[in-house]
Amino acid sequence: MDNIIEEITGSEYKYGFVTNIETETIAKGLNEEVIRTISAKKEEPEWLLEYRLKAYRKWLTMEMPCWAQLDIPEIDFQDLIYYAAPKQQEAKDWEDVDPALKATFDKLGIPLTEQLALAGVAVDAVMDSVSVKTTFKDVLAEKGVIFCSFSEAVKDHPDLVRKYMGSVVPYTDNYFAALNTAVFSDGSFVYIPKGVRCPMELSTYFRINARGTGQFERTLIVVEDDGYVSYLEGCTAPQRDENQLHAAIVEIVVEKNAEVKYSTVQNWYPGDKEGKGGVFNFVTKRGICRGENAKLIWAQVETGSAVTWKYPSTILKGDGSVSEFYSVAVTNNYQQADTGTKMIHIGNNTRSRIVSKGISAGYSSNSYRGKVKVAKGCQNARNYSQCDSLLLGDKCGAHTFPYLEIENSTAQIEHEATTSKIGEDQIFYCNQRGISTENAVGLIIKGYAGDVLNKMPMEFAVEAQKLLQISLEGSVG
Amino acid sequence: MLKITNLHASVDGKEILKGINLEIKAGEVHAIMGPNGAGKSTLSSVLAGREKFQVSQGEIEFNGKNLLELSAEDRAREGIFMSFQYPVEIPGVSTVNFLKTAINEIRKYHGQSSYPPGDFLKMIRQKMELVGIDNKLLNRSLNEGFSGGEKKKNEIFQMAVLEPMLAILDETDSGLDIDALRVVANGVNKLKRPENATIVITHYQRLLDYIVPDVVHVLYDGRIVKTAGKELVAELEEKGYDWIKEEVNRA
Amino acid sequence: MIGIEKINADFTKLFKEGSALLEKGCSAVMNVCRKEAIEQFVKLGGIPHKQENYIYTDLLPVFEKDYNVVLKYIRQDVDINEVFRCAVTDLITDPILTVNGWWFDRNICSELPEEVVICSLKEASLKYPDLFYTHYNQYASKANQDSLIALNTAFAQDGVFIYIPDDVVLERPLQIINLLRANGDLMAFQRNLIVLGKNAKATVLVCDHTLSEQSFLMNNTTEVYLGENAYMDYYQVQNQHMGAAQINSLFVSEQRSSVFDSNIISLYGGFIRNNMYVSLNGEGGECNLYGMYILDKKQQVDNYSCIDHIAPHCTSREHFKGVLDDMGVANFCGCVRVRPDAQKTEAYQTNNNLLLSDAARINTKPQLIIDADDVKCSHGATIGQIDEEAMFYLRSRGIGLDEARMMMTFGFAHDIIQHVKLEPLRKKIDSLVEKRLRGEISKCNNCMLQCNK
């Protein structure tokens, strides 16, 4: 059994290559001057610089949170580069894109040519601190949909950005939110006007390339009444011995009868088998269902990063609003994940559902941490949570930390959790029917995580499933 | 005893019963048969007073009283008993305690004093023998961990204890093997009195081999489309419901 | 937080000034632990404030009252045996009384097997130094991050000591009756140590009562050691008045094949915090923790538990249920920890709550920390209302709305009470719970004062 585990956990990270490209960086370190430099490079308006500085000053007064079930080495924030950009800025035409960049995204399987694109998916590609290319902008513009890099949005749609930025995740929210607000580089901006169903999947692809840099992107999605969008983010990073820092913010505003589906396939470099290197991933993601019957769905497949600290959350403010959270988190070798969600029920008749599937292998630690809160005046809230853990091997850990805070008697809240392993008898049964151990494990994992994978957009579900299998290759017993 | 006139009822805004007319006299056994989805269970639920069902039209008179004005418990106290298709499990409440409470509340409703505890146990024992249920069920939590057959027997046992005027057996045969079915049917037959009446709601004829009805109704699409004597049971068994559907659709 | 700082300073001051009285009559083992504990208390920053394990518990209102602390035993002016009568009349027990945390000087413990020791903790600390050295503060130190436990070790001087040697089986339950009775508001500490040898068996029933209407804050810590194959059936019935606050900590160390069954029934009290720590140190150990709490008015009940599976092949079951009415607040935190070597562990944990009013509040935190893979673990928590379908079933049998609701609530609670193995006690608790749910009793039903506070 043990060597089966070894075998399946042993696979290599496919995306670990480095792109040789001219990069413009600023000096290491973090201070007000650095922030002014970033802001100046991006030609930002005064209010945004002020906002960054306010966040920075707040950050100085805060301490890194330590409540998570994570063992994080001390991070020297002065030893990081806070701005790195491929020399070539965003290209209007495909012909203008640096061939090395093209090759990078081709290699990652992210086609930036619209002809080659996956049918019906528009992509915003972000390399280190800046957006390289956004596809299908024109097609989307016809419908009134805005999909562009965050920097562009600051220039072209300052009113929208100013209105919504920080409205869901204020910079005071937590340590990493403050840090991000101070130094964020780029990210994506999506605006869906009233009554518009976005005709294609929108996708942002994040890539850390430069050495010793932190990536701090921000995503802002606003969907007006009756609008709809499905959005997907993917992430990879090169294989490096040192740890890389990623601290992002995602804010989502969902108005009356609107619906947002936010999917993540996170595959940052997880570090090597001995736990060396890998990305530290600290992400604050939050959406608000502001209007009646608004709906927000989170779906995530988390296989990468050395450390994951991430709790996509929803504030259910509008009456009748609905939120769902589906997560598969895989940890292998020395990876650590502390992830989950928060569902804050404020409006009447709000419903939420949480399905979390943790898979731990190797020496990893995998924690679910979630909160369901029902506010005092919130009538008829419903929540159902299911948090399952699958352990592959006896050196890993699976932890479950739900917090249920209920202040209204009409609430119906249910939480269930189980811990299991793949039994030898299960594998044997499959073997006996002629299925190889590898495939048997794949089958069992697929069955285990199926509820979540089914929630991913079709184009990515297959990808996500492959990723799961690769992450666990050689690891199951 | 029971008179239903032009009864219309709906659930979640969808009309299920579309004008039921039915009269049942003391001493009679009526069978209501019909295909799935005809409204059989809705009818029993409306009679028992389940609030989920809205009565939009029509009247139900029970022993001269307007049944629709009564709450579920008052209907029970007036003598309506429904044997549930899916008896509910109530952890922590023993069957004996449950019945004692029920019987005393019913007595109170009729201005009678509580059942003397000694007599109560004696009576319970008698009824247990009559229905043929196991002593152990008494002290177990109501229906919890009971097998399908035990649950149904327990329903008939409760009926024996509460001595209703009108018993409604809602799909009592579903999920029972032939032995359990015989026990249940036997219980029902033993409890039959000239002053009582019974409605047997069922999809199959099986139960009606043991509980012989005086009148058979076929319920289809929310209406009673055919009423005849017990010979109808055999006909339905032989030909199924399709010919009735066709007849209705032709008309 | 000036309030908390002042309270913390008061404790250190009291310790310093009262040290002569505190140490008097206690063994060196106790007094050494005492000194270390006050240092730990200071190091931890005093009484818990916004700490993870007390995240939903605001201790300030509990501690800020102006309590008296009495550092020596005051002889009671009446015979408590006369004042207090146990309500469970048909349960024959060997009663042991404590008053305000002190061993009652007129306790009579005859008719017990000769080798069994039951006496005042203080006395035992001097008389049985070996037992004391081996066990005292060995299990409580497991919670060395909880400053309230440290506070107990620092200030507790007396309580109950029970030693049941190898192979001794007690026929009758031991009933520890903890009474609070004072002329002014009182803060008190009590410390108990119960040691069961190999194959020993005992039933222990703990009853907490208030006999006067003053405000009380009782910090009571009990350590239990279960030798190989020992069995203990533990019950605690908490029935105090609204002005009483209780911090009740139970530490259980289980050796191979031992079994610990426990039922903690919180019937009444202003503030109750139950800490339960169970370590399963040997293979084949079993632990069953059951609890029930019924709250109304502004009561608060916190149940915190930590079950540590250290050895393989152990089983733990935990089930707590609560009924919350008015402005009651309940917090449940259950942590099941499975250490890397504890393969073949089975651990189940459930917390169910019934909310009857909109002002009531429940926070529940069922946690699993699993570091072994061949285990069966699950936990669940629900918050809900009475099942409508079941209500209809009852009503269709002629049972009225209020009575039906009562029955359902009672049934909900009975799920826990059914685990009580002492029949007279179970019946009594059943009837107390029923009365409680009908609103017929408020607090100490059997309190002679009937002050109805």
Once you have the alpha carbon radius of gyration of chain C, what is it after dividing by 2.2 N^0.38 Å, with N set to its residue count?
0.94
Rounded to one decimal in nm, the spacing of the 7 Å Cα→Cβ label points at residue A:451 and residue A:41 is 4.5 nm
Cross-link table C:6/C:298; A:357/C:43; B:52/B:152; C:298/C:428; B:40/C:427, entries beyond 32 Å C-alpha to C-alpha
A:357/C:43; B:40/C:427
Against the 2.2 N^0.38 Å scaling, with N counting residues, where does the protein assembly as shown land? I'd like the Cα-based Rg ratio to two decimal places.
1.07
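Averaged over its residues, how many other protein chain Cβ atoms are within 10 Å of peptide C:345-354's Cβ atoms?
Numbers: counts 1, 0, 1, 0, 1, 1, 2, 1, 3, 1.
Average neighbour count from other chains, rounded to a whole number: 1.
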Quick one: which residues, 5+ away or cross-chain, put their amide H under 5 Å from the amide H of residue B:57? H built at 1.01 Å from N.
B:8
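Take each of the peptides C:145-151, B:175-181, B:19-25, average the number of other beta-carbon atoms within 10 Å over its residues, and list them starting from the highest.
On the way: C:145-151: 22.7, B:175-181: 14.7, B:19-25: 16.6.
Averaged packing, sorted descending, gives the order C:145-151, B:19-25, B:175-181.
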Compute the FRET efficiency between residue A:76 and residue A:172 as 1/(1 + (r/R0)^6), taking r as their Cβ-Cβ distance and R0 = 35 Å, and round to the nearest 0.05.
0.90
Averaged across B:101-107, how many Cβ atoms of other chains sit within 10 Å of each residue's Cβ atom?
5
Give the aspartates and glutamates reachable from residue B:108 as a straight Cα distance under 20 Å; neighbours fewer than 8 places away on the same chain don't count.
B:69, B:73, B:74, B:78, B:119, B:163, C:402, C:403
Relative contact order for chain B: what is it in percent, counting Cα pairs under 8 Å that are at least 6 residues apart?
28 percent
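Give me the inter-chain shielding for C:383-392: mean count of other chain Cβ atoms within 10 Å, whole number please. If you can, show how the numbers build up before the last one.
Details: counts 14, 8, 4, 0, 3, 3, 6, 7, 4, 11.
Average neighbour count from other chains, rounded to a whole number: 6.
Order of B:111-122, A:338-349 by packing, highest average Cβ count within 10 Å first? All intermediate terms of the calculation are to be shown ahead of the outcome.
On the way: B:111-122: 11.0, A:338-349: 23.3.
Per-residue mean Cβ counts within 10 Å order the peptides as A:338-349, B:111-122.
Once the Cβ-Cβ distance between residue C:127 and residue C:16 is put in as r, and R0 is 30 Å, what FRET efficiency do you end up with, to the nearest 0.05? Can you show the working numbers first?
Details: r = 29 Å, r/R0 = 0.96.
With a Förster radius of 30 Å, E is 0.55.
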Among DSSP beta bridges whose residues both lie in the stretch C:2-437, state the antiparallel percentage, nearest 5.
5 percent
Can you list which of the chymotrypsin sites (Phe, Trp or Tyr not before Pro) found in the stretch A:352-414 are DSSP loop residues with at most 13 other C-beta atoms within 10 Å?
none
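State, as an integer percentage, the relative contact order of the stretch C:166-254 based on alpha-carbon contacts under 8 Å between residues 6 or more apart. Spell out each step's value before the answer.
Details: 216 pairs, mean separation 29.7, N = 89.
So the answer I get is 33 percent.
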So who's got an amide H within less than 5 Å of the one on residue C:96, skipping anything under 5 residues away but keeping other chains? H placed 1.01 Å off N, in plane.
C:175, C:176, C:177
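Kindly provide the helix-only [θ] at 222 nm of the protein assembly as shown, computed as the sum of -39,500 (n - 2.57) over DSSP H runs of four or more divided by all residues, to the nearest 500 deg cm²/dmol? Write out the running numbers ahead of the final one.
On the way: 29 runs with 314 residues, N = 1181.
Result for the protein assembly as shown, helices only: -8000 deg cm²/dmol.
What share of the DSSP beta bridges in the protein assembly as shown is antiparallel, in percent to the nearest 5? Don't skip to the answer; put the middle values down first.
Details: 56 of 341 bridges.
Approximately 15 percent, going by the DSSP bridge assignments.
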Among the listed pairs A:285/A:310; B:14/B:151; C:65/C:365; B:3/B:127; B:122/B:151, give every one whose C-alpha distance is greater than 19 Å.
B:14/B:151; C:65/C:365; B:3/B:127; B:122/B:151
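What order do you get for C:220-227, B:184-191 when each peptide is scored by the mean count of other beta carbon atoms within 10 Å, highest first?
On the way: C:220-227: 24.4, B:184-191: 19.4.
Listed from highest to lowest mean packing, they are C:220-227, B:184-191.
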Relative contact order %, chain C, counting alpha carbon pairs below 8 Å whose residues are six or more apart:
11 percent
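Filter the GluC sites (Glu not before Pro) in the stretch B:139-195 down to the DSSP loop ones having no more than 12 other Cβ atoms within 10 Å, then list what survives.
Working: sites: B:144, B:150, B:155, B:171, B:195; in loops: B:144, B:171, B:195.
When the GluC sites (Glu not before Pro) of the stretch B:139-195 are filtered for loop state and at most 12 Cβ neighbours within 10 Å, B:195 remain.
Among DSSP bridges having both ends in chain B, what percentage is antiparallel? Round to the nearest 5.
Values: 25 of 43 bridges.
Bridges in chain B that DSSP calls antiparallel: roughly 60 percent.
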Label points 7 Å out from Cα along the Cβ direction at residue C:185 and residue B:18: separation in nm?
7.3 nm
Using the Cα atoms as the points, what is the convex hull volume per residue of chain B in Å³?
126 Å³
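Every read-out reported here was derived from the displayed coordinates using simple, explicitly stated rules and does not represent laboratory data. Because the structure is a prediction, the values reported are computed rather than measured. For neighbour counting, all protein chains shown are included, and Cβ atoms are generated from backbone atoms with ideal geometry for every residue, glycine included.
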